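Novice: Handing you a structure now.
We did not get these values from a lab; they are worked out from the coordinates using the rules stated. Just so it is clear, the model here is predicted, and its values are computed rather than measured. All Cβ positions, glycine included, derive from the backbone under ideal geometry; neighbour counts span all protein chains shown.
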């Protein structure tokens, strides 16, 4: 039987413990109460991709499918996501702000890319998509282990710096970008309207560009940089194949009700009817798994959703 994998954001665990939210999510809480908690794998995207990839299809990396969709086949040796971030510095450390991911307007991203490409050498080029996303193109191979900045919000960035064969070059470029941005006009404009300063571009999710889109046996949907780029098909036949859904709404938020209506309730009905065999709920470092027998655990009392994820 097929598996549905649902990924959703949750506030940092420390925030959930110190200042738990008040808004509940009854359907999600009922599902979590009946699920089995399981240690999350280090890379949830790779685990989810393996569920829907065609047999033998290699891991494409996080950003390569998005680059292919946005720009076509790219003449480059490597390409990385360049996520705009806001840092907070203290006496002893630099951490990524709890709301430290910055979504640029398309005009801001285009201006930043133009200025970057004038200021830096020909070996690195910043690409801006119409959606405002930024990518860094490299003329030389660049292999490094990196981290998704969404997973380190509110945390010290030190332990999450790039590591691996070419990590030093990636870290050096990131430092140069921070210095370049310090007095950039984009930050003066942002400060004038009360917006957070752009402290840096977090380079991550990189690898070689693709010449074709990955072959899938399942389907993908939602708002993640990888899985949105893999969403090529309509909704027909989804209940007979494994699928990955990534939503941007946080449990308890005003948008969460639509997540429950569109995804959670249909998933529970499909599970009860045995049209799917497993449902995986993924958030932060947590994974909870329901199977066709989970609905029998009606005696488990549902707790607030943040108690499962804190």
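Novice: What's the angle, to the nearest 10 degrees (0 to 90), between helix 106-119's Cα axis and the longest principal axis of the chain?
Specialist: For helix 106-119, the angle is close to 40 degrees.
Novice: Taking the Cα centroid of the range 42-104 and of the range 249-277, what is the distance between the two, rounded to the nearest whole Å?
Specialist: The distance from the Cα centre of the range 42-104 to that of the range 249-277 comes to 26 Å.
Novice: If you don't mind, another one. Order by neighbour count: 75, 36, 50, 221, fewest other Cβ atoms within 10 Å first, most last.
Specialist: 75, 36, 50, 221
Novice: Tally the DSSP beta bridges in the range 170-310 and give the antiparallel ones as a percent, rounded to 5. If you can, show how the numbers build up before the last one.
Specialist: On the way: 6 of 10 bridges.
That works out to approximately 60 percent antiparallel.
Novice: Sticking with this one: Can you give the helix-only mean residue ellipticity at 222 nm for the chain, where every DSSP H stretch with n ≥ 4 adds -39500 (n - 2.57) and the sum goes over all residues, rounded to the nearest 500 deg cm²/dmol?
Specialist: Values: 11 runs with 92 residues, N = 310.
Mean residue ellipticity, 222 nm, calculated: -8000 deg cm²/dmol.
Novice: Right, here's the next one. Could you list 255, 166 so that the one with the fewest beta carbons within 10 Å of its beta carbon is first and the one with the most is last?
Specialist: 255, 166
Novice: Would you work out if the range 64-207 is rounded, prolate or oblate? Take a ≥ b ≥ c from the square roots of the eigenvalues of the alpha-carbon gyration tensor; rounded if a/c is under 1.5, else prolate when a/b is larger than b/c, oblate otherwise.
Specialist: Oblate.
Novice: Quick one: order 4, 44, 180 by neighbouring beta-carbon count within 10 Å, fewest to most. Write down the numbers at each step before the final one.
Specialist: Working: 4 27, 44 23, 180 15.
Listed from fewest to most nearby Cβ atoms, that is 180, 44, 4.
Novice: I want to verify a result. In a Gaussian network model of the chain, Cα cutoff 10 Å, which of these has the top mean-square fluctuation: 135, 80, 160?
Specialist: Sorting by GNM fluctuation, first place goes to 160.
Novice: Who wins for biggest fluctuation among 179, 91, 268 in a Gaussian network model of the chain, springs between alpha carbons below 10 Å?
Specialist: Result for the chain, Cα springs under 10 Å: 91 fluctuates most.
Novice: Quote to one decimal, in nm, the extra length available between residue 91 and residue 18 on full extension: 0.36 nm per residue of separation minus the C-alpha distance between them. Don't jump to the answer; show the numbers that get you there.
Specialist: Numbers: separation 73, 0.36 × 73 = 26.28 nm, distance 2.26 nm.
In short, 24.0 nm is gained.
Novice: Could I have the simple spin-label model distance between residue 69 and residue 228, label points 7 Å from Cα toward Cβ, reported in nm to one decimal?
Specialist: 0.8
Novice: Please work out whether the range 136-257 counts as rounded, prolate or oblate from its C-alpha gyration tensor, where a ≥ b ≥ c are the square roots of the eigenvalues and a/c under 1.5 means rounded, while otherwise a/b larger than b/c means prolate and anything else oblate?
Specialist: Numbers: a/c = 2.25, a/b = 1.40, b/c = 1.60.
Judged from the Cα gyration tensor, the range 136-257 comes out oblate (a/c at least 1.5, b/c at or above a/b).
Novice: Pick out which of 114, 90, 146 has the largest mean-square fluctuation in a Gaussian network model of the chain, springs linking Cα atoms closer than 10 Å.
Specialist: Ranking 114, 90, 146 by mean-square fluctuation puts 90 first.
Novice: Shape of the range 1-85 from its Cα gyration tensor (a ≥ b ≥ c, root eigenvalues): rounded if a/c is under 1.5, otherwise prolate when a/b > b/c, or oblate? Write down the numbers at each step before the final one.
Specialist: Values: a/c = 2.82, a/b = 1.60, b/c = 1.76.
Verdict is oblate for the range 1-85.
Novice: Stretched out fully, how many nm does the piece from residue 175 to residue 289 gain, at 0.36 nm a residue minus the Cα gap? Could you put the intermediate results ahead of the total?
Specialist: Working: separation 114, 0.36 × 114 = 41.04 nm, distance 4.04 nm.
In short, 37.0 nm is gained.
Novice: Okay, next question. How big is the convex hull of the Cα atoms of the chain, per residue, in Å³?
Specialist: Working: hull volume 45.2 nm³, N = 310.
Considering the Cα atoms of the chain, their hull volume per residue is 146 Å³.
Novice: On a 0 to 90 degree scale, rounded to 10, what angle separates helix 167-182 from the longest Cα axis of the chain?
Specialist: 70
Novice: If you restrict to DSSP beta bridges whose two residues both lie in the chain, what percentage is antiparallel, to the nearest 5? Let's see the in-between values first.
Specialist: Working: 32 of 45 bridges.
Among the beta bridges of the chain, antiparallel pairing accounts for roughly 70 percent.
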